[in-house]
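Asks: The structure under discussion is supplied below as structure tokens; questions concerning it will follow.
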Amino acid sequence: MHPTRRAVYLAPCLLALGGAATSAHGAAFQLQEQSASLLGSAFAGRSADAHDISHTFFNPATLGVHAGRGAEAELVLSYIDPTFDFEADDPQAAGALGSDASASGGESALAPVFYAGFDLAPDLRAGLGINVPYGLETDYPEDWVGRYDAVNTDLVTIDINPQLGWRVDERLSVGFGVSAQYADATLSTMAPQTDFSDPNDPVPTPTPQTDGKLTVEGDSWSYGLNLGAHYAVSEATQVGIAYRHGMSHTLSGDAELADNDGNRVDETGGEADLDIPASLNLGVSHRLDRRWTLLADATWTQWSDFDELAIEFDEGMVGIPQGDSYAVTDDQAYEDYDWDDTWLLSLGTRFDLNERWDLRAGVAYDQTPTGDSNRTPRIPDEDRTWLAVGGSWYPAAAEQLSVDFGYTYIWLDDAEIEVADDFGGVTGEYESNVQIFAASANWRF
């Protein structure tokens, strides 16, 4: 027995998506949660308000603002709790195929981040960030109606980002960094069985009891850069601008198909190209009085670079057909995505309560690059609204220590989805939300 028609030509697309699929915290598959202090203001002013070293992920020029501060280290922990509830438009049709018409796909995750910084000269400072910019897990039941499009997505990315910040003068600082990013993914999808030894053999009516399972693994290293500038317009007003270059991953991995008894049916390997988008950020911080500071931010992300997923097979696979959704040859397959560029707009405030406490709040609007025509169950994304609160604590018993914390609730618009395939596809609606809790500890040596 050979892999099913659906399983075989979907395998390369799943392998490529392994470097991309994640839950909805930032638009599409991006994780914004790189700073506990910024989470509390919905990431408003991320490139302008040089509060702590975690801001260097968004603008390396903030390192120059901190020149002369001495050595420091910061650990950030974020707990991300997404909910994706799917309901089919036609539950009776799904039930007729033995499928569950509703499903929940979100999986909670803990994302750690580490920063360090130290002075090289009076106006030159070095920093290091180890971040998780993409990744989470979504997990659907193996009998849900969309099981031939997505079951499990488990992605981890690690970004190692050394940086330099230079304070040019009392007003201007500039920064530069390079990134080495590792991506590792395991995905699975169910696969109805057929016999490709007979080209006229029809695809049987699929049922969860006869399904096989396709598991795809891939990993990759990629490299990029980021740069930025920070300018103090006055004592009260600061602006920042930062650019993070896109990355091109080449994921190498294997696809394995097992039958409903868990026995291996077929396997192959290959490489898939995946483009991570570039982004440009502009932030403003303005102190209204000695206690209140207003924060604003706009981030553009070039999701239009993520236009297709493609794979080169190590060798041809038996029975790969031509299809409407996929352009396929014996040794290559790709799927068009045709995503749009997006904007994330945020507005926040910081209130300096006293010398021991700061409080923050913020709101944000985050566009999705997807639409009803190109949405996938692995990324059931829609426009979202953020509401955030947080603060900082400076304990009297440890003058070198500062503690930041934040909480965000994200509402996603209801997401319509319609994915056609040979077995009924996925047609329905997602109701989704995300809760994020973050805390960090910064120690100055």
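The values are calculated or read from the model by the stated rules, or taken from the named source; none is laboratory data. What you see is a predicted model; the values in this text were computed from it and never measured. Cβ atoms come from the backbone with ideal geometry, glycine included; neighbour counts cover every protein chain shown. Protein only, heavy atoms only, side chains kept; ligands, DNA and RNA dropped before computing areas. Shrake-Rupley method; radii C 1.70, N 1.55, O 1.52, S 1.80 Å.
Asks: In whole Hz and in residue order, list the ³J(HN,Hα) couplings for the stretch 287-298 that follow from phi through the Karplus curve 6.51 cos²θ - 1.76 cosθ + 1.60, θ = phi - 60°; x for Gly and Pro.
Replies: 7, 6, 7, 5, 10, 9, 10, 9, 10, 9, 7, 9
Asks: Could you report the accessible area of Trp357 in Å², rounded to 10, computed with a 1.4 Å probe on the protein chains as they sit in the structure?
Replies: Only protein atoms counted, so the area is about 90 Å².
Asks: Please identify the trypsin sites (Lys or Arg not before Pro) of the stretch 222-311 that satisfy two criteria: DSSP loop assignment and at most 11 other Cβ atoms within 10 Å. Which are they?
Replies: Passing sites in the stretch 222-311 are Arg290.
Asks: Note down the accessible area of Ile158, probe 1.4 Å, to the nearest 10 Å².
Replies: In the full protein context, Ile158 sits at about 70 Å².
Asks: Note the full-extension length gain between Ser102 and Asn263 as 0.36 nm times their separation in residues minus their Cα-Cα distance, in nm to one decimal.
Replies: 55.1 nm
Asks: Could you give each residue of the stretch 173-181 its phi-based ³J(HN,Hα) in whole Hz, using Karplus coefficients 6.51, -1.76, 1.60 with θ = phi - 60°, and x for Gly or Pro?
Replies: Ordered by residue, 3J(HN,Hα) equals 10, 10, x, 8, x, 10, 10, 10, 10 Hz.
Asks: Heavy atoms of the protein only, probe of 1.4 Å, neighbouring chains included. What is the accessible area of Thr368 in Å², nearest 10?
Replies: Looks like 20 Å² after rounding.
Asks: Per 0.36 nm of contour for each residue apart, how much would the distance between Asp81 and Phe445 grow if the chain were fully extended, relative to their Cα-Cα spacing?
Replies: 127.7 nm
Asks: While we're here: Find the centroid of the Cα atoms in the stretch 47-64 and in the stretch 344-395, then give the distance between the two in whole Å.
Replies: That distance is 18 Å.
Asks: Fully extended, how many nm does the chain gain between Leu288 and Leu359 (0.36 nm per residue separation, minus their Cα-Cα distance)?
Replies: 24.1 nm
Asks: Order Phe351, Phe306 by their accessible area, 1.4 angstrom probe, all chains in place, largest first.
Replies: Of Phe351, Phe306, the descending order of accessible area is Phe351, Phe306.
Asks: I would also like to ask the following. So which GluC sites (Glu not before Pro) in the stretch 221-276 are both in a DSSP loop and have at most 13 other Cβ atoms within 10 Å of their Cβ?
Replies: Of the GluC sites (Glu not before Pro), the ones in loops of the stretch 221-276 whose Cβ has at most 13 other Cβ atoms within 10 Å are Glu235.
Asks: Taking the Cα centre of the stretch 109-198 as origin and charging only Cβ (+1 Lys, Arg; -1 Asp, Glu), how large is the dipole, in debye to the nearest 20?
Replies: So the dipole magnitude of the stretch 109-198 works out to roughly 640 debye.
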